[in-house]
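Written out below as structure tokens is the structure these notes cover.
The values are calculated or read from the model by the stated rules, or taken from the named source; none is laboratory data. Note that the structure is a prediction, hence the values are computed from the model and not measured. Glycine also receives a Cβ, built like all others from the backbone with ideal geometry; neighbour counts cover every protein chain displayed.
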Amino acid sequence: MPTVKETFEAMAGRFRADKAAGTSATIQYDVSGDGGGTWHAVIKDGTCTVSAGAGTNPNLTLQVSVQDWLDMVGGKQSGQMLFMSGKLKIKGDMGLAMKLGSLFSM
């Protein structure tokens with residue numbers, strides 16, 4: 001199983017530019033627990049850049065535990081189910097949050 005860090009290092013490579021037309025956003029990921037951390041993705045002009053640390057004025061912030069993040073990116077758990085059960089907290093642009101799943105291939 002990949003580490004949280006490895007999932008973020010691979011994220012830009014899983015970005016689907018064809019699904020991101022007209023999207024310009026900064027998304028921050030706060031992953032809590034052992035091996036967690038904070039990363040942010042900047043989507044602009046059909047590209048995605050992922051960096052460690054907090055983003056500047058993120059449009060969307062996701063808060064999730066290490067295990068739930070790994071389950072979500074591994075396809076064992078859906079983001080919607082994690083959100084409904086309170087395990088995934090979302091602050092900011094809810095429309096962008098709903099679009100996130102289509103922006104990255106799993």
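Observations on the model:
- Region 88-106 - residue that is modelled with pLDDT of 95 or more and part of a loop (DSSP other than H, G, I, E, B) and, of those, farthest from residue 24 (Cα to Cα): 88
- Members of region 45-74 that are over 22 Å from residue 3 (Cα atoms) and either exposed (fewer than 13 other Cβ atoms within 10 Å of the Cβ) or of a type in the set (Asp, Glu) (or both): 45, 47, 56, 57
- Considering residues of region 13-41 that are surrounded by fewer than 20 Cβ atoms within 10 Å (Cβ to Cβ), in contact with a Phe, Trp or Tyr (Cβ under 8 Å, 6 or more places away or on another chain) and free of Cβ contacts under 8 Å to residues at least 40 places away in the same chain only, the residue farthest from residue 55 (Cα to Cα): 36
- Taken residue by residue, region 75-94 has at least one member that is out of contact with any helix residue (DSSP H, G or I) (no Cβ under 7 Å at 6 or more places or on another chain), free of Cβ contacts under 8 Å to residues at least 24 places away in the same chain and surrounded by 14 or more Cβ atoms within 10 Å (Cβ to Cβ).
- Matching helices (runs of 4 or more DSSP H) fully within region 1-87 where at least 2 residues are over 12 Å from the mean Cα position of the chain (by Cα) and under 15 Å from residue 99 (Cβ atoms): 79-84
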